Amino acid sequence: MLEVTALPLAELRERSSEKWREYPADVLPLFVAETDFPLAPAISDALHRAVEAGDTGYIASRTPLPSAYAEFAERRFGWHVDPARMRSTADVSMGIVEILRRVTQPGERVVVTPPVYPPFYDLVAEAGAEAERVPLRDTGSAWELDLDGIRAAFVDGATAMLLCNPHNPTGTVHGRDSLAALAEIADEFGATVISDEIHAPLAQPGAGFTPFLDAGEAAERVGYAVVSASKAFNLAGLKCALMVTASDATTAVVRGLPIEVEWRTGQFGLIASVAAFSEESDAWLDGLLRTLDANRVLLEDLLAARLPSARYRIPDAGYLAWIDLSGLGWGDNPARRILKDAKVALHYGPAFGAEGAGYVRLNFGTSPEIITEAVERIASLVHR
């Protein structure tokens with residue numbers, strides 16, 4: 001089995017990405033969703049070949065990316081998707097905005113499910129719509145979609161929904177039955193569901209990830225998915241995502257987008273994504289999932305030992321931990337004190353919505369040593 005391990009801290013600090021340039025060198029950066037692992041070999045090889053060949057022009061009008069993703073989805077999710085029903089763009093956020101602009105009118109309301117990826121609010125506004133908050137339900141042991149609340153929003157006139165599947169920041173993999181019910185509700189009211197599935201390749205084995213468009217005929221009618229290799233394979237800076245559809249009507253919407261939307265796809269992003277979705281990268285991805293599985297359990301053990309008042313549920317997918325630190329009495333935004341006094345940068349909980357008061361989001365897509373050091377630093381504040 002291939003082992004995927006994080007690079008040494010000294011090497012990571014040579015990187016010039018946001019994660020390693022936002023804060024001084026004495027800060028452990030666990031805030032933004034970038035990982036600390038080397039690239040999958042197939043990706044490195046493909047990019048090196050492109051550089052050596054000077055293959056740095058515009059993307060072609062026909063590329064192998066849709067077929068590569070279709071084969072990946074079949075292998076990893078058991079989902080049969082038609083490559084002819086896909087179109088690329090620069091990133092998932094851009095795909096969401098461009099679809100929203102076509103399926104909503106200015107001022108219409110779009111359901112979001114906080115606590116949720118903060119840019120969702122901005123993307124809805126960029127498309128000219130307004131966000132309608134329907135928070136996830138906390139069952140005491142898990143988070144789930146509030147289907148009754150979503151129905152009420154559609155009854156009240158909301159026309160679309162932004163679904164996060166798997167969910168960021170909780171790492172929740174929404175069940176097939178829940179997604180099918182959501183699709184039926186949206187279909188009943190003629191609403192659209194746009195599913196951000198950027199974290200899908202990072203669903204742990206046994207989590208039961210279901211692509212929204214594979215949740216039944218209603219989902220095919222009402223849904224769009226926007227997917228990317230960027231989170232699993234750490235390719236965000238290369239700019240490539242796919243808008244995926246499953247019906248003639250939704251495919252027509254995506255095909256009707258201006259060609260400039262597709263031309264924004266990065267050539268290196270496309271080359272890297274084809275390599276990421278290839279069967280050649282499966283062993284690397286499996287190794288990464290094993291590493292993240294160990295890290296998510298390590299974090300649980302460290303918090304139990306050093307910060308027992310913290311509340312943390314092991315996520316089903318991804319490398320982001322949603323941690324309730326309200327029991328420490330550090331206010332609605334404990335990440336501020338943690339950054340100032342412990343020199344650990346975490347994502348601010350309130351940025352994900354009012355439901356994030358007292359929470360932090362921690363990126364455990366790194367080494368066990370960095371995770372351990374971060375928790376030790378935070379725990380040291382309890383006794384100051």
**Complete:** Within the stretch 315-339, of all residues that are more than 12 Å from PRO169 (Cβ to Cβ) and part of a loop (DSSP other than H, G, I, E, B), the one least open to solvent (accessible area, probe 1.4 Å) is LEU325
**Message:** I'd like the full set of residues that are under 19 Å from the mean Cα position of the chain (by Cα) and either aliphatic (A, V, I, L, M) or at positive phi (or both), limited to the stretch 243-273.
**Reply:** MET243, VAL244, LEU270, ALA272
**Fill in**
If we ask which residues in the stretch 299-321 are among the hydroxyl-bearing types (Ser, Thr, Tyr) and closer than 20 Å to ALA33 by Cβ, their number turns out to be 2
**Request:** Please work out if THR245 is over 27 Å from ASP36 (Cα atoms), buried (at least 16 other Cβ atoms within 10 Å of the Cβ) and among the polar types (S, T, N, Q).
**Result:** yes
**Message:** Could you tell me how many of the residues in the stretch 297-314 are free of Cβ contacts under 8 Å to residues at least 60 places away in the same chain, over 14 Å from GLY171 (Cα atoms) and of a type outside the set (A, V, I, L, M, F, W, C)?
**Reply:** 5
**Request:** Give the residues of the stretch 163-181 that are closer than 29 Å to TYR348 by Cα, of a type in the set (A, V, I, L, M) and part of a helix (DSSP H, G or I), sorted by residue number.
**Result:** LEU179
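How about the stretch 251-268: which of its residues are touching a residue at least 40 places away in the same chain (Cβ under 8 Å) and within 22 Å of ASP82 (Cβ to Cβ)?
Once the filter is applied, which keeps residues that are touching a residue at least 40 places away in the same chain (Cβ under 8 Å) and within 22 Å of ASP82 (Cβ to Cβ), the stretch 251-268 yields THR251, VAL253, VAL254, ARG255, GLY256, LEU257, VAL261, GLU262, THR265.
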**Message:** So, in the stretch 340-384, how many residues would count as being outside any loop (DSSP other than H, G, I, E, B), touching a strand residue (DSSP E or B) at 6+ places or on another chain (Cβ under 7 Å) and among the small types (Gly, Ala, Ser)?
**Reply:** 3
**Item:** Yes/no for GLY287 being open to solvent by less than 10 Å² (accessible area, probe 1.4 Å), touching a residue at least 24 places away in the same chain (Cβ under 8 Å), touching a Lys or Arg at 6+ places or on another chain (Cβ under 6 Å) and closer than 21 Å to ALA200 by Cα
**Value:** no
**Prompt:** How about the stretch 48-128: which helices (runs of 4 or more DSSP H) wholly inside it have at least 1 residues that are within 20 Å of VAL253 (Cα to Cα) and in contact (Cβ under 8 Å) with a residue 60 or more places away in the chain?
**Reply:** 65-77, 92-103
**Message:** Checking the structure you have, find out if any residue of the stretch 88-102 is of a type in the set (A, V, I, L, M), open to solvent by less than 60 Å² (accessible area, probe 1.4 Å) and out of contact with any strand residue (DSSP E or B) (no Cβ under 8 Å at 6 or more places or on another chain).
**Reply:** yes
**Asked** Taking the stretch 180-219, which residues are buried (at least 24 other Cβ atoms within 10 Å of the Cβ) and either at positive phi or of a type in the set (Asp, Glu) (or both)?
**Response** ASP196, GLU197
**Message:** From the list PRO201, PRO211, PRO205, exactly one residue is under 13 Å from the mean Cα position of the chain (by Cα) and closer than 28 Å to TRP322 by Cα. Which is it?
**Reply:** PRO201
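Please enumerate the residues belonging to the stretch 141-157 that are open to solvent by 60 Å² or more (accessible area, probe 1.4 Å), assigned to a loop (DSSP other than H, G, I, E, B) and out of contact with any strand residue (DSSP E or B) (no Cβ under 9 Å at 6 or more places or on another chain). Write out each step before concluding.
To start, the set of residues in the stretch 141-157 that are open to solvent by 60 Å² or more (accessible area, probe 1.4 Å) comprises 141, 144, 148, 151, 155-156.
Now narrow it down to the ones that are assigned to a loop (DSSP other than H, G, I, E, B): 141, 156.
Within the stretch 141-157, SER141 is the sole residue that qualifies.
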**Message:** Condition (residue is charged (D, E, K, R), under 24 Å from the mean Cα position of the chain (by Cα) and closer than 21 Å to PHE268 by Cα) applied to the stretch 57-73: is it met by at least one residue?
**Reply:** yes
**Request:** State which residue pairs qualify: first residue under 17 Å from ASP324 (Cβ atoms) and inside the stretch 137-151, second residue assigned to a loop (DSSP other than H, G, I, E, B) in any location, beta carbons under 6 Å apart, and separation of 6 or more residues or different chains.
**Result:** ARG137/ASP146; TRP143/LEU136; TRP143/THR170; TRP143/THR172
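State yes or no: is ALA42 closer than 21 Å to PRO169 by Cα and small (Gly, Ala, Ser)?
Working: closer than 21 Å to PRO169 by Cα: no; small (Gly, Ala, Ser): yes.
No; evaluated as a whole, the condition is false for this residue.
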**Asked** Considering the stretch 162-179 alone, what residues qualify as being of a type in the set (A, V, I, L, M, F, W, C) and either open to solvent by 30 Å² or more (accessible area, probe 1.4 Å) or within 20 Å of ASP122 (Cα to Cα) (or both)?
**Response** LEU162, LEU163, CYS164
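The values are calculated or read from the model by the stated rules, or taken from the named source; none is laboratory data. Bear in mind that the values here come from a model prediction, so they are computed numbers and not experimental data. Heads up, the Cβs are rebuilt from the backbone with ideal geometry, glycines too, and the neighbour counts pull from every protein chain shown. Quick note on the areas: whole protein, heavy atoms, side chains included, nothing else; ligands and nucleic acids left out. Shrake-Rupley method; radii C 1.70, N 1.55, O 1.52, S 1.80 Å.
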